[in-house]
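Structure first, then comments.
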Amino acid sequence: MKQKRLVTIQDLSCFGKCSITAALPVISALGTEAVVLPTAVLSTHTGEFLNYTFHPLENEFDRISAHWASLKIEFDAIYVGYIGSVTLINAVSRFIDRFKKENTVVFIDPAMADNGKFYSGLGKDYANALSSLCTKADIISPNITEAMILSGLNPEDYKNVTDIKEICKKLSSLCDNVIITGVHKKDTISTIAYQKSTSSFTQAEKPIYDGVFYGAGDLFASAFIGMYVNGASLSDAVTNASAFVNDCIIKTLDEREKYWYGLKFEQSLHLLCDYYQKLRCDK
């Protein structure tokens with residue numbers, strides 16, 4: 001089976017196990033070449049840590065893109081995570097136009113908000129630009145707060161949503177395949193996926209654990225696209241990526257006082273290696 005090549009476009013938080021530092025090992029464990037295009041470099045992620053450094057890479061983005069184009073590099077998938085500015089959203093849009101081929105999967109995790117509110121420094125203009133970018137995707141995976149923003153709903157009501165399926169259908173006007181993460185019920189948290197072509201839904205439900213687990217969404221997105229690009233169905237990739245993240249959380253519970261460092265995903269990577277071998281055998 002030919003090895004796949006995937007480029008991930010998101011920030012590089014040097015400490016804290018999220019974004020690129022989570023994506024690289026997860027995608028690699030799934031037998032895929034992981035190429036990175038950082039949007040910014042931070043000393044740590046922005047949850048719980050104070051006085052972190054932040055250096056945007058807006059000036060480098062198009063230069064890197066142009067160099068890759070001159071080398072005629074091609075990608076089986078383009079995976080977009082946290083971007084950080086409208087200027088960079090426009091640069092990512094140009095990148096997709098330049099590198100997307102007929103069989104290239106464009107997967108966008110429209111990271112901009114959580115727990116009912118925007119991330120620091122982001123707002124409606126950013127959301128509008130990101131919504132436009134999502135129209136170029138084959139699959140999007142907002143969390144419930146982001147899904148409500150993209151749907152024009154009040155994100156502060158994210159805990160009171162009763163009909164996720166209708167939000168999925170509404171978002172399918174942006175992109176045919178929609179995955180909504182972080183859907184809370186009393187004792188569970190779910191990921192719900194919708195495929196417009198078949199009008200079908202997939203739900204992966206797991207227990208809720210006490211604590212906020214930074215990087216869980218990045219791990220899910222990375223595992224999902226790593227599976228999907230290697231031939232897993234959308235439904236199967238959602239189910240198995242959710243199971244992987246659940247295992248990562250369980251492995252972290254013994255040190256939950258350090259939850260802001262990120263999940264102990266390293267101890268669960270063997271699950272992805274096993275899954276990749278299964279995909280190879282199935283092929």
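Using just its DSSP H runs of length 4 or more, each adding -39500 (n - 2.57), the chain gives a mean residue ellipticity at 222 nm of -12000 deg cm²/dmol after division by all residues.
Size descriptors for region 94-208 (Cα atoms only): Rg and Dmax, in that order, 14.1, 45 Å. Accessible area per residue (1.4 Å probe, heavy atoms of protein chains only) ranks E48, E102 as E102, E48, with the largest value leading. As a rough guide to protection, the peptides 242-251, 19-28, 263-272 ranked by mean Cβ packing within 10 Å, highest first, stand as 19-28, 242-251, 263-272. Across the alpha-carbon atoms of region 1-156, the computed radius of gyration and Dmax are 15.4, 46 angstrom. Average accessible surface for region 90-134: 49 Å² per residue, computed with a 1.4 Å probe over protein heavy atoms with every protein chain in place. Its Kirkwood hydrodynamic radius, worked out from the mean inverse distance over all distinct Cα pairs, puts region 211-283 at 12.6 Å.
Net charge of the neighbourhood of T181, taken over other residues with C-beta under 13 Å away and scored Lys/Arg +1, Asp/Glu -1, is -4.
Nonpolar atom fraction for region 158-283, defined as the carbon and sulfur part of the 1.4 Å probe accessible area, stands at 49 percent. Highest-first packing order for the peptide set 178-187, 75-84, 221-230 is 221-230, 75-84, 178-187, based on the mean count of other beta carbon atoms within 10 Å. Here the accessible area is traced with a 1.4 Å probe on the protein chains. For region 1-157, carbon and sulfur cover 49 percent of it. Solvent-accessible surface of region 1-49, averaged per residue with a 1.4 angstrom probe and all protein chains in place: 33 square angstrom. Straight-distance candidates among the aspartates and glutamates for linking to K100, with alpha-carbon spacing under 14 Å and chain neighbours fewer than 8 residues away dropped: E74, D76, D138. Excluding ligands, DNA and RNA, the accessible surface per residue across region 148-243 is 45 Å² with a 1.4 Å probe. Measuring max minus min along each principal axis, the C-alpha atoms of the chain give extents of 52, 46, 40 Å (largest first). Any chance you could tell me what percent of the C-alpha pair distances in region 1-43 go past 13 Å? The answer is 50 percent, as a whole percent.
Kindly state, to the nearest 0.05, the FRET efficiency for H270 paired with A66, given R0 = 45 Å and r defined as their beta-carbon distance. Efficiency for this residue pair is about 0.70. Cα centroid separation, region 15-80 to region 124-166: 23 Å. For region 176-257, the fraction of alpha-carbon pairs lying more than 22 Å apart is 23 percent, rounded to a whole number.
When you filter the trypsin sites (Lys or Arg not before Pro) in region 1-56 for DSSP loop state and at most 12 other Cβ atoms inside 10 Å of their Cβ, you are left with K2. Largest accessible area first, the listed residues Y119, Y275 line up as Y119, Y275 when surface is computed with a 1.4 Å probe on the assembled protein chains. Peptide packing: for 204-212, 231-239, the average count of neighbouring Cβ atoms within 10 Å per residue gives the ranking 231-239, 204-212, highest mean first.
The values are calculated or read from the model by the stated rules, or taken from the named source; none is laboratory data. Just so it is clear, the model here is predicted, and its values are computed rather than measured. Note that each Cβ is placed from the backbone with ideal geometry, even for glycine, and that neighbours are counted across all protein chains shown. With ligands, DNA and RNA removed, areas are computed over all heavy atoms of the protein, side chains included. Shrake-Rupley method; radii C 1.70, N 1.55, O 1.52, S 1.80 Å.
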